[in-house]
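Visitor: Pasting a structure here, questions to come.
The values are calculated or read from the model by the stated rules, or taken from the named source; none is laboratory data. As the structure is a computational prediction, the values presented were derived from the model and not from experiment. All Cβ positions, glycine included, derive from the backbone under ideal geometry; neighbour counts span all protein chains shown.
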Amino acid sequence: MALKRMDNVGIVVEDLDAAVAFFIELGLELEGRGMVEGEWAGRVTGLGDQRVEIAMMRTPDGHSRLELSRFLAPAVVADHRNAPVNALGYLRVMFAVDDIDDTLERLRAHGAQLAGDVVRYQDIYRLCYIRGPEGVLIGLAQELS
């Protein structure tokens, strides 16, 4: 049996509205919002009876999705938002953009801050990491011609 695709990446947030606005500004499209709750959902996650508000964001090419989740129950138990770049586990999502400078300017209005510098990798990419909503680490890559 072959792997078909990566369906989505999930990020847990406190302020779902702010996170949705940030990723819309980045260029993702809101595919839908809803509640995931009940015993069946808790069996999947191992959390028991849970209640989670989610927003599914779709990339412009339609091939990738980002699931933003706000846990109402059970309460969030850990916070990895300020983990350094060399921390173990989930770290960041990287997005390809047309213009890194324009993207940074637009995202700063939503609280984005550079984690380091915008750097050039050979004659291939301009790259940077930013801290987005609630400190979530996001990579941006601009392909050079």
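Visitor: For Ala19, state whether it is closer than 30 Å to Asp99 by Cβ, in contact (Cβ under 8 Å) with a residue 60 or more places away in the chain and not assigned by TED's automatic domain parsing to the domain that holds Pro133.
Guide: Taking the combined requirement at face value, the residue satisfies it.
Visitor: Return the residue satisfying two criteria in turn: it lies in region 86-126 and is in contact with a Lys or Arg (Cβ under 9 Å, 6 or more places away or on another chain) and without any contact (Cβ under 8 Å) to a residue 40 or more places away in the chain, and of such residues it is farthest from Ile138 (Cα to Cα).
Guide: Step by step, filter region 86-126, then rank; the result is Arg120.
Visitor: Would you check which residues across region 129-145 are outside any loop (DSSP other than H, G, I, E, B) and either over 15 Å from the mean Cα position of the chain (by Cα) or small (Gly, Ala, Ser) (or both) and list them?
Guide: Residues of region 129-145 that are outside any loop (DSSP other than H, G, I, E, B), as a first pass: 129-131, 133-135, 137-143.
Within region 129-145, Gly135, Gly139, Ala141, Gln142, Glu143 meet the criteria.
Visitor: Here's a follow-up. Just to be sure, is Val76 modelled with pLDDT under 95, more than 17 Å from the chain's Cα centre (by Cα) and surrounded by 16 or more Cβ atoms within 10 Å (Cβ to Cβ)?
Guide: Considered against the rule, which asks whether it is modelled with pLDDT under 95, more than 17 Å from the chain's Cα centre (by Cα) and surrounded by 16 or more Cβ atoms within 10 Å (Cβ to Cβ), Val76 comes out as no.
Visitor: Report whether or not Leu107 is closer than 23 Å to Met57 by Cα and touching a helix residue (DSSP H, G or I) at 6+ places or on another chain (Cβ under 8 Å).
Guide: For Leu107, the condition - closer than 23 Å to Met57 by Cα and touching a helix residue (DSSP H, G or I) at 6+ places or on another chain (Cβ under 8 Å) - is met.
Visitor: Okay, next question. Quick one: is Ile24 more than 20 Å from Arg131 (Cα to Cα) and either touching a Pro at 6+ places or on another chain (Cβ under 8 Å) or not assigned by TED's automatic domain parsing to the domain that holds Gly132 (or both)?
Guide: Here the answer is no, as Ile24 does not meet what is asked.
Visitor: Confirm whether Glu25 is of a type outside the set (A, V, I, L, M, F, W, C), under 22 Å from Arg106 (Cα atoms), at pLDDT 95 or above and part of a strand (DSSP E or B).
Guide: Judged against the criteria, Glu25 is not a match.
Visitor: While we're here: Scan region 22-42 residue by residue and report those that are among the aliphatic types (A, V, I, L, M) and surrounded by fewer than 16 Cβ atoms within 10 Å (Cβ to Cβ). So that I can check it myself, show each step before the final result.
Guide: Going residue by residue through region 22-42, those that are among the aliphatic types (A, V, I, L, M) are 24, 26, 28, 30, 35-36, 41.
Within region 22-42, Ile24, Leu30, Met35 qualify.
Visitor: Okay, moving on. State whether one or more residues within region 4-14 are farther than 30 Å from Leu127 by Cα and either exposed (fewer than 13 other Cβ atoms within 10 Å of the Cβ) or touching a Gly at 6+ places or on another chain (Cβ under 9 Å) (or both). So that I can check it myself, show each step before the final result.
Guide: Of region 4-14, the ones farther than 30 Å from Leu127 by Cα are none.
Among the residues of region 4-14, not one is farther than 30 Å from Leu127 by Cα and either exposed (fewer than 13 other Cβ atoms within 10 Å of the Cβ) or touching a Gly at 6+ places or on another chain (Cβ under 9 Å) (or both), which makes the answer no.
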